[in-house]
1. Where does each of M336, M31, M291 land when they are ranked from fewest to most other beta-carbon atoms within 10 angstrom?
2. Which helices pass in the chain if a helix is a full DSSP H run, must span at least 15 angstrom along its long axis by Cα, and must have mean Kyte-Doolittle hydropathy not below 1.6?
3. Just to be sure I understand: of the beta bridges DSSP finds with both ends in the chain, what percent are antiparallel, rounded to 5?
4. Measure off 7 Å from each Cα along the Cα-to-Cβ vector at E63 and D30, then give the distance between these two points in nanometres to one decimal.
5. Not counting the cut sites, what is the longest span of the chain without trypsin sites (Lys or Arg not before Pro) that DSSP labels loop and that have at most 15 other Cβ atoms within 10 Å?
6. Express in nm, to one decimal, how much length is gained between H239 and A16 on full extension, taking 0.36 nm for each residue of separation and deducting their alpha carbon distance.
7. Specify which labelled value, from (i) 56, 49, 43; (ii) 73, 51, 48; (iii) 54, 48, 47, agrees with Cα extents along the principal axes in Å derived from the coordinates of the model shown.
8. At a threshold of 8 angstrom on Cα-Cα distance, excluding pairs fewer than six apart, so keeping six or more, what relative contact order does the range 1-155 reach in percent?
Amino acid sequence: MSNSFHSPIEAHRLIAAAQRCLEAVGLDRDMAACVAQVLVEGDLLGHSTHGLALLPGYLAELEKGGMARSGEVVALAERACVATWDGGRLPGPWLVQQALAWARPRAQMYGSATITIRRAHHIACLAAYLEDVARSGLMVVLASSDPAVASVAPAGGTQAVFTPNPIAVGIPTGGEPILIDISASITTNGMSNRLYKAGQTGPHAWWQDALGQATNDPAVLFANPPGTLLPLGGQEAGHKGMGLALLVEALTAGLTGFGRADQVEGWGATVWLQLYDPEAFAGLGAYTGQMDWLADGVRASRARDSAHPPRLPGHRGLALKREQLERGVSLHSSVMPALVPWLDKLGVAI
């Protein structure tokens with residue numbers, strides 16, 4: 001399957017079109033601008049399942065009321081540099097950006113700041129929030145779970161308990177920041193759905209059927225009874241992925257007091273965000289000195305395959321972003337066919 005639908009499109013045109021679509025179904029203008037920016041940032045960084053591929057789903061949620069069109073967060077608890085918000089089903093990207101704005105000055109004052117959000121809608125690509133914060137000299141850690149969905153089995157199990165439960169980290173260095181975006185499962189629901197709809201299989205056994213047989217066919221997720229995504233580490237070392245999933249659940253559902261033990265309202269997210277200011281610890285210079293040494297060590301490690309040398313997380317995405325800001329964004333072949341009916345319906349042109 002081709003990786004692009006047609007000629008690249010300038011990022012600003014995609015952002016503007018996405019914003020107009022979101023406003024056309026009633027989303028507050030400032031929120032629409034934020035959501036559009038975050039979605040296109042996902043595509044710029046190469047996270048094509050979590051960029052504009054999400055826009056049709058977001059528009060459908062806004063139309064049916066699953067995503068709130070306007071409103072304010074409600075602070076359920078707050079101390080000097082710790083808070084818990086009720087997101088009221090507002091757009092996840094806007095909520096995360098509001099949380100970053102709340103946490104930045106507090107991290108710079110106290111050394112770190114932590115905020116959790118219950119009842120957010122989906123927060124899109126976690127990597128999309130990292131670069132700006134890391135380039136400002138702050139370390140950022142972001143995690144989310146979705147209590148309305150279960151698609152990942154625990155190690156040794158055959159029934160789903162978790163979502164992929166992603167966690168992302170932005171690490172300042174003396175040069176390009178390190179941007180980590182991983183999940184507690186081998187692959188994501190977005191990639192599974194894309195492969196299934198295209199009638200394709202994965203390169204490895206990322207899933208298992210209801211009997212616990214590992215497979216490279218995502219169709220098992222849609223069988224009756226359904227299969228599951230395997231935790232990170234697969235059937236051989238899935239206890240590691242399960243441990244990561246449990247950590248994310250503790251940080252999100254545990255600290256917000258809202259998760260799988262509660263009645264949920266649909267597709268969404270429970271969020272944990274923490275910022276660190278290295279200046280409050282050993283100093284930014286000492287921090288970046290340590291990180292730069294590690295970065296140099298990764299790059300200097302002798303490659304097992306010369307065609308694929310060791311690379312730092314996020315650096316390929318940042319290089320792709322620079323390229324696409326110059327020549328335009330190449331959308332995955334599945335994006336525009338799903339988006340065109342909405343563009344036509346809402347009278348929006350790219």
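1. By the 10 Å Cβ count, ascending: M336, M291, M31.
2. Values: long enough: 11-24 (20 Å, 0.31); 29-44 (22 Å, 0.69); 92-110 (26 Å, -0.28); 234-249 (22 Å, 0.12); 284-300 (23 Å, 0.00); 315-327 (18 Å, -1.41); 335-346 (17 Å, 1.00).
Once both thresholds are applied, nothing remains.
3. 85
4. 2.8
5. Values: sites that count: R79, R302, R304, R311.
So the longest stretch without any such site is 80-301.
6. Stretched fully, the H239-A16 segment lengthens by 75.9 nm.
7. Correct label is (iii).
8. Relative CO of the range 1-155 lands at 19 percent.
Values in this text are rule-based calculations from the coordinates and carry no lab data. Predicted model only: the values in this text are computed from it and were never measured. Positions of Cβ are backbone-derived with ideal geometry, glycine not excepted, and every protein chain shown enters the neighbour counts.
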